[in-house]
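So the structure is just underneath, and the comments pick up after that.
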Amino acid sequence: MKLERYIPFDKKEFRPHQKEAICDIIKAIDENDYRNIILNAPVGIGKSLIAYVLGKYYEEEDQQTYIYTKTKYLQDQYLQDFTDMVTVKGRSNFICKVDPSCHCDTGCKKILTTCPYKPDISEPMDPLEEYCPYWEQKHNGVYASITLLNYAYVFADSMYINHFPMRHLAICDEGHNIEKELMGVLENRISVSRVAKDINLFVPRQAHMKTMSEWVGILQEIADGYKSLAAKTKNLEDKDTYKERSQSLAQTATLISENLDNWVVKDESFNGHTSIIFKPIMVDKYSNLLLSKAQHNVIMSGSVLKPDLFAKELGLEDYAYIEVPSIIPAKNRPIKKLYCGSMSNRNFDSTFPALVQKIEQLAEYHSDSKGVIHTFTYKIANRLREVFKSNPRFIFHDSKTTNKAIFDFKTSDIKNAILVSPVAFEGVDFLYDEARWQAICKDPFPNIGDKQISAREDIDFGWIFRQRCLVLSQMYGRTNRAVDDQSVTYLLDSNLESLLGPATLVTDYFLEGLEGLNYAKPFEVCDNAYSKLTPDKRRSYEQERFEETCILDAIKDEGLNTLEKLRMEYKKIPDNNSYQFVMPIVERLFKNGAIKYIE
């Protein structure tokens, strides 16, 4: 295939493994008719170009493609490189033509369908007409060959509107976020005081006061109340708000009633106001909200920890798995352990001074380059702000100023600026001099006090551990984005050590860079190796000897003579988690003298 002609850059050349991955995906679709393809491709491969070339390839076949990203920020990144794409964003990004004092999200509610600038989605636009900027870009997106959308917009369209029709292909970038995005869009909350004020209905303030079945009835009653309120309200903006609220609550009631055991309900109070919150535990039944928009779906990520588990979480039964190796040398992205102690809530106050000291040391050591401090929580970020607020090198942000802070950091004239962020651990690139080092302050442990997270762990034991490994792997990938890029990562929270033991689930890309692991260093089978297997006859004796024999055979007969090669091979086995136990088996073989490193 002469796929190079689709590359929009002056240099018509693919990076290593890019063309191979594209060809494998096309084969999985055109020859084997897989509905879903999972592409596991580490940082630096260039997944956005893979998505673009696939879209252009099928454009020549008169087929249309959707590309989904996590955020509007990532949409903008795509458009910087691929200017012929058509992107669609929400109303809040456009100024209303009828009332320039507001954005389209407010303007549309004021005027609804009477807007004189709204085109008919089902008809071509008149080139001589003047249109609303929001609806114009949406109309273009519906008919474009390649349309770029963010997940939130796709979900909203699938749940309420369905303006975007079925296409041949949908490509999900940052695919490890799909489950999290579905959780967010399906979560629904009702304000007890708001419901009482709007429709004079009194909702219990404590979640446990009603069974889940009873909550379904309450949700439907509230939905009906807002539907009636919308019908008799004359203010168009309020009418639309009430209508949306009714639709949302009715849908949540329906989803819960279909599977009562898959939902949790909790109450939350803030500043005297109580909300009742509904969340799903598993989302595998709801992935069609995203994956039903196309005949084939390509789900791309650099952090697929285990394909069969990943597919199960998204409800994928028919899928092909494609994995490509990293192109960035491990020596260019070392990970160093510089623990300051435990950063858990219990130990936070006693450890925080040591954390500050480590950050001061790193700031001094990297006095000539930019760096990123990943705090994972605003609690840590805010405490660090108190310490370093007078230091012009440090840039902080809150939840509303994230994008501005990242932009200011990247473009700052301060060549040794330091960004402190709890959320810059995914979906953000710090290329070359934008950041030459980063520090990870906190084990990314989910909030186990959250009822949904607790219920998920009960159903799927080990999910929390996987989430921690996933986020840690994502953090690592922020500051080294190209084959000739260089950066160093520091681990500051000693609790991270619990994620790096023999049964670790962090990505191979992470393990390659981990200091002291010798992940890619080759070893060989020693003389009389099979007589040196686990000697002590515990209950697990026979199983351990069998595992060790299998590994020795793999090293000797198949050339799988590094930790990296062994884990990659074992990962391919469907419905098998044995790959995560390769490291402890190899450790036993070293201890027993059955294998040794090749010097």
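Where a number appears in this text, it was derived from the coordinates with a stated rule and is not lab data. Source: prediction; values computed, not measured. Methodologically, a virtual Cβ is constructed for each residue, glycine included, from the backbone with ideal geometry; neighbour enumeration extends over all protein chains shown.
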Residues other than Asn259 with Cβ under 15 Å of its Cβ, Lys/Arg counted +1 and Asp/Glu -1, net out at 0
Positive minus negative residues near Asp508 (Lys, Arg vs Asp, Glu; Cβ under 11 Å) = 0
Mean separation of Cα pairs under 8 Å and 6+ residues apart, divided by the residue count of the range 428-495: what relative contact order is that in percent?
-> 59
In degrees rounded to 10, the 0-90 angle between helix 47-60 Cα long axis and the longest Cα principal axis of the chain is 60
Considering the options Pro119, His374, Met159, tell which one lies farthest towards the positive end of the dipole of the chain, charges being +1 on Lys and Arg and -1 on Asp and Glu at the Cβ, about the Cα centre.
-> His374
Rounded to the nearest 0.05, what FRET efficiency is calculated for Thr401 and Arg545 with R0 set to 56 Å and r the Cβ-Cβ distance?
-> 0.45
Could you count how many Lys pairs in the range 185-280 have their Cα atoms under 29 Å apart, skipping same-chain pairs fewer than 8 positions apart?
-> 23
If you project the alpha carbons of the range 330-513 onto the principal axes, what extent comes out on each, in Å, largest first?
-> 50, 37, 29
Find out how many positive minus negative residues lie around Asp24, taking Lys and Arg as positive, Asp and Glu as negative, among other residues whose Cβ is under 12 Å from that of Asp24.
-> -2
Mind putting a number on the dipole of the chain about its Cα centre? Charges go on the C-beta only, +1 for Lys and Arg and -1 for Asp and Glu, and I need it in Debye to the nearest 20.
-> 1760
Determine the calculated [θ] at 222 nm for the chain from helices alone, applying -39500 (n - 2.57) to every DSSP H run no shorter than 4 residues and normalising by the residue count; nearest 500 deg cm²/dmol.
-> -12500 deg cm²/dmol
When ranked by the protection proxy of mean other Cβ atoms within 10 Å per residue, highest first, what sequence do the peptides 466-476, 321-331 form?
-> 466-476, 321-331
Mean separation of Cα contacts under 8 Å (6+ apart) over length of the chain, as relative contact order % = 15
If you put +1 on each Lys and Arg Cβ and -1 on each Asp and Glu Cβ, how big is the dipole of the range 167-252 around its Cα centre, in Debye rounded to 20?
-> 440
How far, in degrees from 0 to 90, does helix 212-232 lean away from the longest principal axis of the Cα atoms of the chain, to the nearest 10?
-> 40
In square nanometres, what is one fourth of the surface area of the convex hull spanned by the alpha carbons of the range 1-135?
-> 11.1
Once normalised by the length of the range 442-599, the mean sequence separation of its alpha carbon contacts under 8 Å that are 6 or more apart gives a contact order in percent of 24
To the nearest 20 debye, what is the magnitude of the charge dipole of the range 192-328 about its Cα centre, counting +1 on the Cβ of each Lys and Arg and -1 on the Cβ of each Asp and Glu?
-> 560
How far, in degrees from 0 to 90, does helix 236-258 lean away from the longest principal axis of the Cα atoms of the chain, to the nearest 10?
-> 50
Calculated FRET efficiency for the pair Gln486/Ser191, C-beta based, R₀ 30 Å, to 0.05 = 0.05
Relative packing of 408-419, 435-446, which averages over residues the other C-beta atoms within 10 Å, highest first = 435-446, 408-419
Likely footprinting exposure, Thr401, Thr252, fewest C-beta neighbours within 10 Å first = Thr401, Thr252
Order of Ser390, Ser301 under a 10 Å beta carbon neighbour criterion, fewest first | Ser390, Ser301
Rounded to the nearest 5, the percent of DSSP beta bridges in the chain running antiparallel is 25
Say the dipole of the chain comes from +1 at the beta carbon of Lys and Arg and -1 at that of Asp and Glu; which of Phe14, Ala520, Ala363 then lies farthest toward its positive end?
-> Ala363
Stokes-Einstein D (µm²/s) once Rh is taken as the Kirkwood radius of the chain over alpha-carbon pairs, at 20 °C in 1.002 mPa s = 80
Using θ = phi - 60° and the Karplus curve 6.51 cos²θ - 1.76 cosθ + 1.60, what whole-Hz ³J(HN,Hα) does each residue of the range 454-471 get, with Gly and Pro shown as x?
-> 4, 5, 5, 5, 5, 6, 10, 4, x, 4, 4, 4, 5, 5, 4, 5, 5, 5
For the chain, build the charge dipole from Cβ charges (+1 Lys, Arg; -1 Asp, Glu) around the Cα centre, then report which of Met85, Ile335, Ser275 sits farthest towards its positive end.
-> Ser275
Would you mind checking Lys306/Lys591; Lys56/Lys89; Lys27/Lys47; Lys47/Lys72 for any pair whose Cα atoms are more than 24 angstrom apart?
-> Lys306/Lys591
Check cross-link reach from Lys442 to the lysines: straight Cα distance under 17 Å, and skip same-chain residues fewer than eight apart.
-> Lys336, Lys337, Lys358, Lys379
How about Lys331: which lysines have a C-alpha closer than 19 Å to its C-alpha, ignoring those fewer than 8 places off in the same chain?
-> Lys521, Lys565
So who's got an amide H within less than 5 Å of the one on Glu323, skipping anything under 5 residues away but keeping other chains? H placed 1.01 Å off N, in plane.
-> Asn40
Using the Cα atoms of the range 185-280 to build a convex hull, what is its mean projected area in square nanometres?
-> 6.1
